[in-house]
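Single-structure report; data block below.
The values are calculated or read from the model by the stated rules, or taken from the named source; none is laboratory data. A quick note: this is a predicted structure, and the numbers were derived from the prediction, not measured. Every residue, glycine as well, gets a Cβ built from its backbone with ideal geometry; the counts of neighbours run over all protein chains shown.
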Amino acid sequence: MTVMEQRGAYRPSPPPAWQPRTDPAPLLPDAEPYRVLGTDAAAKADPGLLRRLYAELVRGRRYNAQATALTKQGRLAVYPSTTGQEACEIAAALALQERDWLFPSYRDTLAAVARGLDPVQALTLLRGDWHTGYDPREHRIAPLSTPLATQLPHAVGLAHAARIKGDDVVALAMVGDGGTSEGDFHEALNFAAVWQAPVVFLVQNNGFAISVPLAKQTAAPSLAHKAVGYGMPGRLVDGNDAVAVHEVLTDAVSRARAGGGPTLIEAITYRIDAHTNADDATRYRADAEVETWRDHDPIALLEHELTERGLLDEAGKQAAKDAAEAMAADLRERMNADPVLDPMDLFAHVYAEPTPQLREQQAQLRAELDAEGDMR
Amino acid sequence: MTVMEQRGAYRPSPPPAWQPRTDPAPLLPDAEPYRVLGTDAAAKADPGLLRRLYAELVRGRRYNAQATALTKQGRLAVYPSTTGQEACEIAAALALQERDWLFPSYRDTLAAVARGLDPVQALTLLRGDWHTGYDPREHRIAPLSTPLATQLPHAVGLAHAARIKGDDVVALAMVGDGGTSEGDFHEALNFAAVWQAPVVFLVQNNGFAISVPLAKQTAAPSLAHKAVGYGMPGRLVDGNDAVAVHEVLTDAVSRARAGGGPTLIEAITYRIDAHTNADDATRYRADAEVETWRDHDPIALLEHELTERGLLDEAGKQAAKDAAEAMAADLRERMNADPVLDPMDLFAHVYAEPTPQLREQQAQLRAELDAEGDMR
Amino acid sequence: MTTVAVKPATMAQALTRALRDAMADDPSVHVMGEDVGTLGGVFRVTDGLAKEFGEDRCTDTPLAEAGILGTAVGMAMYGLRPVVEMQFDAFAYPAFEQLISHVSRMRNRTRGAMPLPITIRVPYGGGIGGVEHHSDSSEAYYMATPGLHVVTPATVADAYGLLRAAIASDDPVVFLEPKRLYWSKDNWNPDAPASVEPIGRAVVRRPGRSATLITYGPSVPVCLEAAEAAREEGWDLEVVDLRSLVPFDDETVCASVRRTGRAVVVHESGGFGGPGGEIAARVTERCFHYLEAPVLRVAGFDIPYPPPMLERHHLPGVDRILDAVGRLQWEAES
Amino acid sequence: MTTVAVKPATMAQALTRALRDAMADDPSVHVMGEDVGTLGGVFRVTDGLAKEFGEDRCTDTPLAEAGILGTAVGMAMYGLRPVVEMQFDAFAYPAFEQLISHVSRMRNRTRGAMPLPITIRVPYGGGIGGVEHHSDSSEAYYMATPGLHVVTPATVADAYGLLRAAIASDDPVVFLEPKRLYWSKDNWNPDAPASVEPIGRAVVRRPGRSATLITYGPSVPVCLEAAEAAREEGWDLEVVDLRSLVPFDDETVCASVRRTGRAVVVHESGGFGGPGGEIAARVTERCFHYLEAPVLRVAGFDIPYPPPMLERHHLPGVDRILDAVGRLQWEAES
Ligand SMILES: Cc1ncc(C[n+]2csc(CCOP(=O)(O)OP(=O)(O)O)c2C)c(N)n1
Ligand SMILES: Cc1ncc(C[n+]2csc(CCOP(=O)(O)OP(=O)(O)O)c2C)c(N)n1
Ligand SMILES: [Mg+2]
Ligand SMILES: [Mg+2]
């Protein structure tokens, strides 16, 4: 008897397990990046928010300039600037509640600072001082993550843990366009969607991963189109439009908090400065390209809107500038001292208790330092 | 002067870099898995192809049964069966030209056998004999890959190399639904799309990764929806419909060969047997679920079509069965011998030339074996 | 006192009980990995936990090891105590970056503010007829990574005691489970109160005076067997079970070697760049003038783990151990 | 014969030339990695190659190390000879599974049918003021992986000669480039014909009679400096540059130690579970009766690589080396 005879005649039907699990349509991003500034929707934006964003952006730009200057003075080992990307950095910070967590990439010190972290603490790593200059739990800011995309699963795990514990905490994880190519990006988004974890992924597509342009990084219609493959919504936003980024992030954060699961947001922006102070961007891109982006500057966009609506006058601009200068002066001054590091700290935090092996090494270094001291 | 004043007034416009790179619509899979058998399109299927598929499927099922039986007789260390998945395995083999390459996962010995590999060679690894029982270059079948999804970047690299060399070779890479969660899946698809490599990814969604059902693996509308996130087409097909799978694969292979780039294909199927002979599937799924799939059996579907169209009579069935039995008898007999392995091979292929260290170890084992020999 | 007949438990059962007790004692303990829930793990070590504690406490994750360990990091950052299962030794490799770049360093990176109490259970080693990638001895990688504890039991009682200690530890612990001992039994009572073993202490499994066999995990029973066989040759071998590779118990090991004057390190892992080099070197540094002969090593060959039909040639067995003992320059004695 | 003044070349330049010569000699050589094309690599080692040989021969890949190494495997399967750049030591970890489970084993798995002639260039080590993850010494992981060659140059000439040999090798080679020597110079003539150095041979960089310093890569210049300084103390130190960790040149190393009777192994990598254990153990096994003192080790501490402001305390320097030499039990001599 053949298989068919065994089971009797039947009309072949679709595979029994087949029922589409979610409707893909609402998960796809719009064809155009979401914008508010320069559109009719701008008129509805809250003046208070506009002013707040403006002040923060001006301060953020000044912060970038100051940090870059500090590398030239040898006060920072290296600085990856976010000039041109301030709208993303600031909106990321402002979209969160105090109890929420921020997972910055190595570039995102500005987001941490905008969240209220002391810039000197934020820059500790880049100064060549200890790896993390602040208590992540106190500020709910994870350590800056240098290995790209590795912080994304951390954000998912933390958000998941919070939900298990019954806390309505959201995690916002930041990553670059290049970082989306890493396996950890994929695994994090998948875990987040399967667990419906309250996490928001913000990809700053600034056009480059060091020297590699987006076209060599991905062939996707947009990075936001990756979302549907995990079963989460993908959103595309003009990353230089602070109001739009803030709105999209705030929506995603609320949705996550309400149990709606994760969101992937791609913010289209541009890295105006070189990759870091050590990089020479002229090797891989034309100045003309940078110029086209200066015309789409996040601060200029906001200023335009504020001015049109009569919300910003010269005094207002001056006030923002003064506040930024004060921050810069304070940062400059405090970074101008040599931090005092205790070499014995090398052994103190490898484990809760140093192993016997580390104790021996500790004693060796102690003796060496003492001998050095004697010789002076 | 503010930023805006510096640059003169302007109307904020969209980010300059924004032009959607590819139209997402054609990359999205259809809402329903593609089917031929049981639809009007079946009438157009080539009788020769139908007969060939039928013979191969019957043989494939017999192969699965025989290999499972060999585990009970201690002749195979372990066997992951593809009973129920024969349509995918066979179509994968038949869609390729001789110069093309197949990259099987650990489960896909049947695809290799259907491509013409001697079953004894295909089962060498699972027999506990040497890791790969055949010369991959001779058969253009990569070694069975046990670490999940790791073979996918290999397929991409090989296809890319072939294109660089000017050879119109296509690589077909097979992976399970569970394997799509691995970072290597993501990285492979991304490289393939960026390089427009002539590679086809076939995901056999058989409902489970060992005990873990698809719903705990992904929240996506379908696995084929992942394709758009890389900028390649995603296709959804009824994996038990051999004609449909063959057609979809053949199309994708031709497209790749013609320089059209990679395709992701999700074939909806079901693993009728346990994960391997060592697994107890009753711990995680109900028999009733298995039963619903028996009604959608790949061989039954084909038989139905062939019978309806008068292409298969009892003699034809018997012939297919006899051929399958002959293969099984031959396999049984040849697997019934203890393979002779040379322990000295342990050192022969670690490097092109054994290191001095390995030479010492080789001498040690040689001496031990000689001593053993003396004692006998 | 009446003695009740104890039905012997396997190492796998002791591990299951350790997980269950830890989960019952501390609601922050979460078990996660591939197939650990409904199925109870491919070795059944997590059997029953999902049922007893719910799927949030014992979770079948998607199939992605970096994702498993990476999300465990985040969970630990929020105060949970994840116990992660890697299905087999070689399938822990995808999680290597998370392990090295984050798990081992987060406490240090944050000056102690953010410890990661994660236990990573890794079934390891060969001898079970496993096909490729199912029999690796990967301990050398973990030992060379500061910030990790590396622990491996050789007895049923230690399996319980050390796993409890690993889960209780505020530091990440790579907990290596010798696959071929999963079904080993001894007279450990699964129902009696059981003790937690401190991490970092080696133990003398068999006292002896002629030479010391320094070993751990799957090679401990082999060394004990070798020690028995050695009596025929007139050697009285001491067997030290390290139990913890990091931290390393120099005291116990060196006390033994100073007593016996001779030592052989035995492990399954490849010899070159394997744990034995470190052990031999540190024992020699500390006991040079007590040594009658160089510390020798008996290890797996420096080859990829062989197919099942050849693994017996690779694994260090009694003969190879006795052979090494025989090369400990006994002539000098007489 | 007229001697032309040779303008000194840096190690980075020698590496660039090695790549260029290899690509010119053999069209199957392909360079790939992050930023290796247009930018010429973050250390400019691949500078000019994309321009000269086209983007197909020197390719900026997407940012994914497992993908880079995994596709290189496929390319090698089709007969190409990929040279992969990992941007920094710690960023090679995502490719660990591909490296261990495939690159190191493919030849063995296929009984020689499918060798993988892949060179994996890894800038490694500290001393350049790099922030976290930019200064790891990861050689212990590679050494413990059978099937890989592990090579590291210490001179400009060796940078050229060994990289050529690595690319020409039919086996995978992990080619470790000491970051802090990239800008080191010596009298190597970038325009003269240059020789390929065979892999697997150590070299005596400085002959001496009192004791042997066994070292490699970034620690070679430090050891040479220490040997100079030691003359003041009356010690004449021999310095052996291993150049290849796998295969290991027991012959050269043991010949030296047998001559001097004393040895110190020096490396930047952490001591515990690091290369020094293997080296000390094997030297002791082979030279026990020649040794006046145990083989000592001077290594980095067993800690995550420290921040720039503290790295000088971590790195083995002249003082620590002399200190170890001083502990080689010289009293016994007099
Ligand atoms: C795993 C890993 N690989 C490589 C690097 C080296 N690296 C640092 S930044 C960078 C480019 C990142 O690009 P992108 O993700 O777009 O972020 P952006 O720098 O533009 O903010 C690279 C390759 C790294 N930090 N981590
Ligand atoms: C990297 C890796 N992790 C874990 C495993 C163990 N393992 C073997 S098969 C399997 C399930 C695979 O599921 P799927 O990808 O759906 O393929 P299927 O078995 O259904 O064919 C697992 C987890 C492995 N082989 N490789
Ligand atoms: Mg970028
Ligand atoms: Mg499956």
Considering only segment A:265-274, I want to know if a residue exists there that is within 22 Å of residue A:102 (Cα to Cα) and in contact with a His (Cβ under 8 Å, 6 or more places away or on another chain). yes
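So that you can scan it fast, the table gives a plain yes or no per residue for (1) touching a residue at least 60 places away in the same chain (Cβ under 8 Å); (2) surrounded by fewer than 19 Cβ atoms within 10 Å (Cβ to Cβ); (3) closer than 27 Å to residue C:232 by Cα; (4) at the interface with chain B (Cβ under 10 Å from one of its Cβ atoms):
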site: C:271; (1), (2), (3), (4): no, no, no, yes
site: C:278; (1), (2), (3), (4): yes, no, no, no
site: C:296; (1), (2), (3), (4): no, no, yes, no
site: C:300; (1), (2), (3), (4): yes, no, yes, yes
site: C:315; (1), (2), (3), (4): yes, no, yes, no
site: C:326; (1), (2), (3), (4): yes, yes, yes, no
In segment B:30-62, which residue that is in a loop (DSSP other than H, G, I, E, B) and either more than 9 Å from chain A (Cβ to nearest Cβ) or among the aromatic types (Phe, Trp, Tyr) (or both) is surrounded by the fewest Cβ atoms within 10 Å (Cβ to Cβ)? B:46
Test residue B:278 against the criterion of being more than 13 Å from chain A (Cβ to nearest Cβ) and not in a helix (DSSP H, G or I), and give yes or no. yes
Of (1) closer than 20 Å to residue B:192 by Cα; (2) crowded, with 22+ Cβ neighbours inside 10 Å, residue B:246 satisfies all except one. Which? (1)
Considering (1) within 16 Å of ligand 1 (Cβ to nearest atom); (2) out of contact with any strand residue (DSSP E or B) (no Cβ under 7 Å at 6 or more places or on another chain); (3) without any contact (Cβ under 8 Å) to a residue 12 or more places away in the chain, say which one residue A:258 fails and leave the rest. (1)
Only one of (1) in contact with a strand residue (DSSP E or B) (Cβ under 6 Å, 6 or more places away or on another chain); (2) within 14 Å of chain B (Cβ to nearest Cβ) is not met by residue A:253, so which one is it? (2)
Odd one out for residue B:265, checked against (1) under 15 Å from the mean Cα position of the chain (by Cα); (2) in a helix (DSSP H, G or I); (3) buried (at least 24 other Cβ atoms within 10 Å of the Cβ): (2)
Give me the pairs, please: first residue somewhere in segment A:214-232 and outside any helix (DSSP H, G or I) and more than 16 Å from ligand 2 (Cβ to nearest atom), second residue anywhere and acidic (Asp, Glu) and modelled with pLDDT of 95 or more, beta-carbon distance under 7 Å, and either six or more positions apart or on two chains. A:217/A:177; A:222/A:266
Among the residues of segment B:192-213, which ones are within 13 Å of ligand 4 (Cβ to nearest atom) and not in a strand (DSSP E or B)? B:206, B:207, B:210, B:211
Scanning for something within 14 Å of ligand 2 (Cβ to nearest atom), buried (at least 24 other Cβ atoms within 10 Å of the Cβ) and not β-branched (Val, Ile, Thr), does segment B:193-200 turn up at least one residue? no
Just name the residue that is farthest from the other protein chains (Cβ to nearest Cβ) out of those in segment B:177-191 that are within 11 Å of ligand 4 (Cβ to nearest atom) and either aromatic (Phe, Trp, Tyr) or over 15 Å from residue B:155 (Cβ atoms) (or both). B:177
Of all residues in segment C:200-221, how many are surrounded by fewer than 23 Cβ atoms within 10 Å (Cβ to Cβ) and in contact (Cβ under 8 Å) with a residue 40 or more places away in the chain? 10
Evaluate segment B:319-332: report whether one residue or more is under 29 Å from the mean Cα position of the chain (by Cα) and under 19 Å from residue C:311 (Cα atoms). no
Selection from segment D:174-232 of residues that are of a type in the set (A, V, I, L, M) and part of a strand (DSSP E or B): D:174, D:176, D:203, D:204, D:211, D:213, D:214
Regarding residue A:118, is this residue crowded, with 24+ Cβ neighbours inside 10 Å, over 17 Å from residue A:197 (Cβ atoms), more than 14 Å from chain B (Cβ to nearest Cβ) and at pLDDT 95 or above? no
Taking residue C:135 as the residue in question, decide whether it is within 11 Å of chain D (Cβ to nearest Cβ) and not acidic (Asp, Glu). no
Please return the ranges of helices (runs of 4 or more DSSP H) entirely within segment B:78-165 where 3 or more residues are within 16 Å of ligand 4 (Cβ to nearest atom) and touching a residue at least 60 places away in the same chain (Cβ under 8 Å). B:86-94
Hey, residue D:244 hits all of (1) within 11 Å of chain C (Cβ to nearest Cβ); (2) under 30 Å from residue C:150 (Cα atoms) but one; which does it fall short on? (1)
If a residue must be in contact (Cβ under 8 Å) with a residue 24 or more places away in the chain, within 14 Å of another protein chain (Cβ to nearest Cβ) and either over 30 Å from residue C:112 (Cβ atoms) or of a type in the set (Phe, Trp, Tyr) (or both), how many such residues does segment A:326-348 contain? 0
For residue C:7: the one exception among (1) modelled with pLDDT of 95 or more; (2) in a loop (DSSP other than H, G, I, E, B): (1)
Here are A:193, A:162, A:142, A:219: which of them is over 30 Å from residue A:295 (Cα atoms) and in contact with a Gly (Cβ under 8 Å, 6 or more places away or on another chain)? A:193
Sole exception among (1) within 14 Å of chain B (Cβ to nearest Cβ); (2) touching a His at 6+ places or on another chain (Cβ under 8 Å) for residue A:154, by number: (1)
Taking segment A:224-234 and the residues there that are crowded, with 24+ Cβ neighbours inside 10 Å and more than 8 Å from chain B (Cβ to nearest Cβ), the one that is farthest from ligand 4 (Cβ to nearest atom) would be A:224
